[in-house]
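Engineer: Before we start, here is the structure in question, set down as structure tokens.
The values are calculated or read from the model by the stated rules, or taken from the named source; none is laboratory data. In this text the structure is predicted, and so the values were computed from the model without any measurement. Positions of Cβ are generated from backbone atoms using ideal geometry, with glycine treated the same way; all protein chains shown enter the neighbour counts.
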Amino acid sequence: MNKNSNSYQILYSAIMVVLVGAVLALIYMSLKPKQDENIANDTRNQILSALHIVAPSEAEIPATYEKYITQDLLVDHEGNVTDSTKNCAFDVDMKKNMKLAESERLLPVMKCTLDDGSVKYVIPVYGAGLWGPIWGYVAIDDDGNTIYGADFSHEGETPGLGARITEDAFQDQFVAKELYQDGEFKNVSVMKKGQQPTDGSDYVDAISGATITSRGVSAMMHRCLKAYDPFFKKLQSKTD
């Protein structure tokens, strides 16, 4: 075949595209299990952070998670447990889940038992910030009311502003805040410093210069946690 002909050049290019594509696909498939495990470990670490638990090392994150997360639960909108198989809560894709109608949405719960025997319930939250998705995990005491800890993350918030939702100074404000006032779900509002909510709810200070992201966290908390009201009420009835 004439190497200078158009047909040769086209055939050669087509073969190279197929070969390169095959190599890239092989590399992707070989790396995907490791990538998936890294993503899962990052999620496990966020859940542990909401519980104020630090794994001894990155390699020990899975074992630390298995030690403290004693049960996965899915609950319905009446607060009833519908599934408790291993990882049923961990495997819920919250991005897709939050697009569903409330009646179709899965409500994941990770049950945790700490070293002192106390039980916490970790709830995933997902919402929108200024530039993209924000998400996190909120740990609730077994009284179904008091926040034990929170960990938030984001996709593209502004460094030094909205991205500060990942900092301890912001997250630690939620500790010991209560979701209920006089038996009614009120959430925990994120308010501009010096302001207070008019509905009597507990509140934390917003991040200065990041009004939209702060409001996003507040809306995310309310939208996601309010769906668990029947579940929280069942927990509260056990401690009365």
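Engineer: Considering only residues of the range 182-196 that are in contact with a strand residue (DSSP E or B) (Cβ under 7 Å, 6 or more places away or on another chain) and of a type in the set (D, E, K, R), which is nearest to residue 103 (Cα to Cα)?
Structural biologist: 186
Engineer: Among the helices (runs of 4 or more DSSP H) contained in the range 127-240, which hold 3 or more residues that are β-branched (Val, Ile, Thr)?
Structural biologist: It comes to 211-226.
Engineer: Scan the range 27-56 for residues that are at pLDDT 75 or above, surrounded by 10 or more Cβ atoms within 10 Å (Cβ to Cβ) and either more than 30 Å from residue 69 (Cβ to Cβ) or not aliphatic (A, V, I, L, M) (or both) and jot them down.
Structural biologist: The answer is 37, 38, 41, 42, 43, 44, 45, 46, 49, 52.
Engineer: Mind checking which residues of the range 197-225 are touching a strand residue (DSSP E or B) at 6+ places or on another chain (Cβ under 6 Å) and free of Cβ contacts under 8 Å to residues at least 60 places away in the same chain?
Structural biologist: Within the range 197-225, 197, 200, 201, 202, 203, 204, 206, 214, 218 meet the criteria.
Engineer: Shifting gears a bit: Just need a number here: residues in the range 80-91 that are out of contact with any strand residue (DSSP E or B) (no Cβ under 8 Å at 6 or more places or on another chain) and over 19 Å from residue 137 (Cα atoms).
Structural biologist: Here the count works out to 1.
Engineer: Select from the range 182-225 the residues that are over 30 Å from residue 160 (Cα atoms), of a type in the set (D, E, K, R) and within 23 Å of the chain's Cα centre (by Cα) and list them in ascending order.
Structural biologist: Result: no residue meets the conditions.
Engineer: Next question, about the same structure. Can you name every residue in the range 94-114 that is modelled with pLDDT of 95 or more and not in a strand (DSSP E or B)?
Structural biologist: Across the range 94-114, the qualifying residue is only 114.
One line per residue, one yes/no per condition, for (1) farther than 21 Å from residue 123 by Cβ; (2) crowded, with 18+ Cβ neighbours inside 10 Å; (3) charged (D, E, K, R):
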residue	(1), (2), (3)
164	yes, yes, yes
169	yes, no, no
172	no, no, yes
178	no, no, yes
191	yes, no, no
194	yes, no, no
210	yes, yes, no
213	no, yes, no
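Engineer: If you don't mind, another one. If a residue must be within 19 Å of the chain's Cα centre (by Cα) and exposed (fewer than 10 other Cβ atoms within 10 Å of the Cβ), how many such residues does the range 105-122 contain?
Structural biologist: 0
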